[in-house]
1. Filter region 357-373 down to residues that are of a type in the set (A, V, I, L, M, F, W, C) and part of a strand (DSSP E or B) and give me whichever is farthest from the chain's Cα centre (by Cα).
2. Please work out if V279 is open to solvent by less than 50 Å² (accessible area, probe 1.4 Å), in a helix (DSSP H, G or I) and within 13 Å of the ligand (Cβ to nearest atom).
3. Within region 319-341, track down each residue that is among the small types (G, A, S) and at pLDDT 95 or above.
4. Identify all residues within region 92-110 that are within 17 Å of P229 (Cβ to Cβ), open to solvent by 10 Å² or more (accessible area, probe 1.4 Å) and either in a loop (DSSP other than H, G, I, E, B) or in contact with a Ser or Thr (Cβ under 9 Å, 6 or more places away or on another chain) (or both); write none if there are none.
5. Here are some conditions: (1) at pLDDT below 90; (2) surrounded by 10 or more Cβ atoms within 10 Å (Cβ to Cβ); (3) in contact with a Pro (Cβ under 9 Å, 6 or more places away or on another chain). M1 meets all but one. Which one does it not meet?
6. Please pick out the residue among D21, D53, D45 that is charged (D, E, K, R) and either closer than 20 Å to R388 by Cβ or modelled with pLDDT under 90 (or both).
7. Looking at the structure I just gave you, is V76 within 13 Å of the ligand (Cβ to nearest atom) and either modelled with pLDDT of 95 or more or surrounded by fewer than 17 Cβ atoms within 10 Å (Cβ to Cβ) (or both)?
8. Being away from the ligand (no atom under 15 Å from the Cβ), assigned to a loop (DSSP other than H, G, I, E, B) and either among the hydroxyl-bearing types (S, T, Y) or surrounded by fewer than 24 Cβ atoms within 10 Å (Cβ to Cβ) (or both) is the filter here, so list the residues in region 111-127 that pass it.
Amino acid sequence: MSDGQLPLAHRTSDLIGSVIDSSTSVLARQTHDIVRFAMGAPSDDLIPVDLLDEYSARTVPGKYSYGRSEGEPALVEQIVKLQAEHGITTAEERITVTTGGMQGLDLAFKLFVDPGDLVIVEGPTYTNGNATALSYGADVLEAPLDADGLVVDALPALVAKAGRAPKAIYTIPNFQNPSGVTQSLRRREQLLELAARWGSIIVDDDPYGLLRFNDNTIPGYSQIDPGNPQVFSVRTFSKILAPGLRIGWVDSDPRLQQLLINAKQAMDTCTSIPAQLTVTDFLADGHLQPHLERVLGLYRERKDAMRAALHRAFGDAVHATDPDGGFFLWVTFTDSQVDTQALFETALAAGVAYIPGTAFSVNGNFGESLRLCFATSTPERIDEGVARLKRAIDTAETTK
Ligand code: PMP
């Protein structure tokens, strides 16, 4: 300390932060109008604010006290019921309420990853998933992704090259963040087989699965192989209801629950009780399904508007994915030398925000791609945002 240095722990060098989360602060500092394609969040008008306000104003004994670390019993009961409505059999002893999906990811890597352990992730993948694995010292290996999700066939060669089996395989099977692609049934089955062979945990992160625009639901890992102890499922109400509630859950082998409780007790004791009770009442009164039916049509309209606007502005110079649900389009510039990281400041000045592709890779890949969230803006604002993106690119090209 004498030389003015702070006695930081070694692990701080593995705390890399999140470009996505930081965009909230970057945007809050701007004083001009910005079309927000950056954060993966529903727009305020698609959050059932009045109902949530009504439920959160209810008086309930113990509401402002501590609660059980594993979650409020009434919420756990509602989560089991919600899962059953979507064809997933689970049980109360498998559910642990978490402070958002992020805490579920933190718990997954905390329980299974020692420093130096191999963790396979999708390339590109959710920035914060990488950040969380790295915070426990994981050796993160990026595996390819295509229109059918994680290219599971590529894993054996990657693992052979790494010379050791992965402790965990981190996957986002539905409407992947950032690419929007969905893993095929065949690949889900193959992944379960490989995980069994290697003794790996599948960290099954699925915040978007209920946001499907058609009826072609693909069975999840826990439906293909019920009770498989190697599947650790991370879920959240952030995308289907409201992210500011910070309520999620983990569905995992019951033998893990005491460890999850112990980990939470060393972290936050319990998830916010007022927020848990608000979600419980919203679910118990049957509001989730009608809410989803209302927003899904609008999200689909927004996705179509964004794809059409991109096509009008850029034609074949960009490739955009066409997801069947979720929040994101992954846009790749095919025939130009656009560097989406370098473009960010120009785009922000032009009044549009997105997340550059490199944020989704530990290796700094995907510099020619970017992630756009279509969920936050109306079709009119989407048109405006894409027009601003086009202007930013034109400006950048003329000033090169
Ligand atoms: N996983 C993925 C794939 C996500 O997109 C997100 C939210 N952006 C999370 C986990 C974290 O969810 P929460 O906001 O509930 O912590």
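The values are calculated or read from the model by the stated rules, or taken from the named source; none is laboratory data. What you are looking at is a predicted structure, and each value in this text was computed from that prediction instead of being measured. Cβ coordinates were reconstructed from backbone atoms using ideal geometry, including for glycine residues, and neighbour counts include every protein chain displayed. Only protein heavy atoms, including side chains, enter the accessible area calculation; ligands, DNA and RNA are left aside. Shrake-Rupley method; radii C 1.70, N 1.55, O 1.52, S 1.80 Å.
1. So the residue we want is L370.
2. yes
3. Taking region 319-341 first, the residues among the small types (G, A, S) are 320, 325-326, 336.
Passing the criteria: A320, G325, G326.
4. R94
5. Only one criterion is unmet by M1, namely (2).
6. D21
7. So V76 does not fit the description; no.
8. Of everything in region 111-127, those that are away from the ligand (no atom under 15 Å from the Cβ), assigned to a loop (DSSP other than H, G, I, E, B) and either among the hydroxyl-bearing types (S, T, Y) or surrounded by fewer than 24 Cβ atoms within 10 Å (Cβ to Cβ) (or both) turn out to be D114, P115, G116, D117.
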